[in-house]
1. What is the one condition in (1) touching a helix residue (DSSP H, G or I) at 6+ places or on another chain (Cβ under 7 Å); (2) in a loop (DSSP other than H, G, I, E, B) that residue 321 does not satisfy?
2. Go through (1) touching a helix residue (DSSP H, G or I) at 6+ places or on another chain (Cβ under 7 Å); (2) farther than 21 Å from residue 121 by Cβ; (3) part of a loop (DSSP other than H, G, I, E, B) for residue 93 and report which single condition fails.
3. If the requirement is being closer than 23 Å to residue 254 by Cβ, over 30 Å from the mean Cα position of the chain (by Cα) and surrounded by fewer than 17 Cβ atoms within 10 Å (Cβ to Cβ), which of these qualifies: 326, 320?
4. For the range 273-290, does any single residue satisfy the condition of being on the phi > 0 side of the Ramachandran plot and outside the structural domain of residue 359 (by TED's automatic domain parsing)?
5. Hey, does the range 180-187 have a residue that's surrounded by 20 or more Cβ atoms within 10 Å (Cβ to Cβ) and out of contact with any helix residue (DSSP H, G or I) (no Cβ under 8 Å at 6 or more places or on another chain)?
6. Where residues in the range 241-266 are part of a helix (DSSP H, G or I) and in contact with a helix residue (DSSP H, G or I) (Cβ under 9 Å, 6 or more places away or on another chain), which of them is farthest from residue 307 (Cα to Cα)?
7. Among the strands (runs of 3 or more DSSP E) lying completely within the range 325-413, list those that include at least 1 residues that are more than 16 Å from residue 307 (Cα to Cα) and free of Cβ contacts under 8 Å to residues at least 60 places away in the same chain.
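The values are calculated or read from the model by the stated rules, or taken from the named source; none is laboratory data. For clarity, every value in this text was computed on a predicted model and none was experimentally measured. Every residue, glycine as well, gets a Cβ built from its backbone with ideal geometry; the counts of neighbours run over all protein chains shown.
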């Protein structure tokens, strides 16, 4: 055969006869894609792997339990030859050539009329990679290229924007605790396809630098003790840009529904008739303690953990938290948004029965390069926060799990110079 590169083409096999010879590992790997393509697959083999047999039992393929015989490829559109019998493979390959059937040879690619590319899938797209070097085919190299392209499409590092089928609307994306690598794959992909990004201060800010120049970034930072964008203004901005036919991402820290006011934004969008997708995020309530060496549960130490908002003090009439009941629990208590109220929170817990010596850890800027951990007890945490100048954002962990990690993880970081 002439030494030219293979011509890439997508075969449409729906309802068309596909013959697979051999029921071993090659067939096990290739059959799912042939089934997914809608082919009327006939397996000819005296035996098969358990996985292939399960496909036959489920009715996904027709299994003829015998060896190949002349005529098996009649009326076939595509054939995969993967038996351990070289002589049978050669005869089947010759039959395919006579009937003009596209034929893949697992044992001898040079004698095949078709090659199987390294394939992967992402969001309705199939990526298929074939080598152009006829003499130097390198399956591992093509597979590595396939993997790199698919991974890039999935995590948004390879930007391939939709132009015809992209639907305007809003995505509420949980960005995770701060480290840009901790956003979900789906969240990162939506961010890469956005026209407008409305971002919180606690979202993964480093990802904003990767956005194309045309993307409009709106700062919705709710900086503690400083300027903030009212929730109503955020809602209006989401609606306004979506009505302009733009793809809008509301990038939030942690998870949209864990003290993130995501449901308020969803309600506003629903009332305006705007389509909305919610992408969950990794909550700082579990990820930040984990990054600091603290498990929120541990066998024999804590069988439950409770996450509460500390944005209002226990004696504030607006508080919805049952602090007396929390004090009676023996598990882990995780407090978010409670740095400036932690002294009063500790006093309430002790007053209702929690031991003053209960360990407390404060993790500031968790999962980021600026992360630091400060340890205390319920008796000392109020003064420790002031002395160590702990500032938001910080996750507070209360309970015996604080002391579960290795000593290096438990050691408090040096205080910052005054």
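1. That leaves (1) as the condition not met.
2. If we test residue 93 against (1) touching a helix residue (DSSP H, G or I) at 6+ places or on another chain (Cβ under 7 Å); (2) farther than 21 Å from residue 121 by Cβ; (3) part of a loop (DSSP other than H, G, I, E, B), just (3) comes out false.
3. On inspection, the qualifying residue turns out to be 320.
4. Yes: the range 273-290 contains one or more residues that are on the phi > 0 side of the Ramachandran plot and outside the structural domain of residue 359 (by TED's automatic domain parsing).
5. yes
6. Restricting to residues being part of a helix (DSSP H, G or I) and in contact with a helix residue (DSSP H, G or I) (Cβ under 9 Å, 6 or more places away or on another chain), the top hit is 242.
7. Counting at least 1 such residues, we get 359-364, 372-377.
Per-residue answers, yes or no, for (1) assigned to a helix (DSSP H, G or I); (2) at pLDDT 95 or above; (3) exposed (fewer than 15 other Cβ atoms within 10 Å of the Cβ); (4) touching a strand residue (DSSP E or B) at 6+ places or on another chain (Cβ under 6 Å):
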site: 286; (1), (2), (3), (4): yes, yes, no, no
site: 289; (1), (2), (3), (4): yes, yes, no, yes
site: 295; (1), (2), (3), (4): no, yes, no, no
site: 311; (1), (2), (3), (4): no, no, no, no
site: 316; (1), (2), (3), (4): no, no, yes, no
